[in-house]
Amino acid sequence: MEFIAFDFETATQSPASACSLAVVRFTEDGVQETVAHLFPPPEMKFDDDNIRIHQIRPADVADLPTLPAIWEDFAPYFDGTFCVAHNAKFDTEVLRASLSYYGLTLPSFQYGDTVTLARRVWPDLPAYALNRVGDFLGLTFHHHRADEDALICGEIVRHALQETGHTDAFAMFRELDLGPHAFLGEAGWSQGALF
């Protein structure tokens, strides 16, 4: 069982305004690797509302390498891998828009959404925001930090595996009729179910 949890933060409402990305690789033994970077968004535009959410300011990223310069640190994690994100529609759209903005090759991978997973496994929670699910599971973290959000996203999967008795994340999503979905690089982009 291996999967990747990932999370983006954006500088504006535009999906092409990524300013932080983290990936966390999980195996049956838990967290194996974490890669996280802050980077300047295109044109260095920031919205005050976004800054209030994640506390990333223009000065924090002004002198850092851009996404194209660091993408090689992340690309292998998305290459044919099973990935998860919390509200995956947002994160996959940010990935598509950000890579397309810079003319970078889109990867192809399969993914699942931990919001829909949490709704299926714990149907009586009052809310399914990442911090609310994390609180329910007894997980403490700094919300809206990409590295910690990705970690908690992966921990939701691990708790769901225990709760459902599954041993493989991909198989769990499939057997619970939650996808997985396809992010298709060279063949085009799709959020349709593979199965």
Exercise. Could you tell me whether His54 is over 24 Å from Pro180 (Cβ atoms), surrounded by 14 or more Cβ atoms within 10 Å (Cβ to Cβ) and modelled with pLDDT of 95 or more?
Key: yes
Self-check item: Subset of the stretch 161-179 [assigned to a loop (DSSP other than H, G, I, E, B) and either free of Cβ contacts under 8 Å to residues at least 12 places away in the same chain or closer than 26 Å to Ile51 by Cβ (or both)]
Solution: Gly165, His166, Asp177
Self-check item: the stretch 126-139 residues that are surrounded by 14 or more Cβ atoms within 10 Å (Cβ to Cβ), paired with ones that are among the small types (Gly, Ala, Ser) (beta carbon under 8 Å, 6 or more apart)
Solution: Tyr128/Ala118; Val133/Ala118
Quiz item: How about the stretch 1-44: which of its residues are closer than 15 Å to Ala59 by Cα, out of contact with any helix residue (DSSP H, G or I) (no Cβ under 7 Å at 6 or more places or on another chain) and outside any loop (DSSP other than H, G, I, E, B)?
Solution: Glu43
Quiz prompt | The one condition in (1) modelled with pLDDT of 95 or more; (2) farther than 25 Å from Thr12 by Cβ that Thr140 fails to fulfil | solution = (1)
Practice problem: For Val94, indicate whether it is in a helix (DSSP H, G or I) and surrounded by 19 or more Cβ atoms within 10 Å (Cβ to Cβ). | Solution: yes
Quiz item: Of the conditions (1) among the polar types (S, T, N, Q); (2) within 16 Å of Asp147 (Cα to Cα); (3) surrounded by fewer than 22 Cβ atoms within 10 Å (Cβ to Cβ), Thr12 fails just one. Which one is it?
Solution: (2)
Quiz item: How many residues, within the stretch 115-160, are in a loop (DSSP other than H, G, I, E, B) and touching a helix residue (DSSP H, G or I) at 6+ places or on another chain (Cβ under 9 Å)?
Solution: 14
Quiz item: Can you tell me which residues in the stretch 53-96 are under 22 Å from Ile4 (Cα atoms), touching a residue at least 40 places away in the same chain (Cβ under 8 Å) and of a type in the set (A, V, I, L, M)?
Solution: Leu67, Val84, Ala85, Ala88, Val94, Leu95
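The values are calculated or read from the model by the stated rules, or taken from the named source; none is laboratory data. Bear in mind the structure is a predicted one, so any value in this text is a computation, not a measurement. Here Cβ is always computed from backbone atoms with ideal geometry, including for glycine, and neighbour counts include all displayed protein chains.
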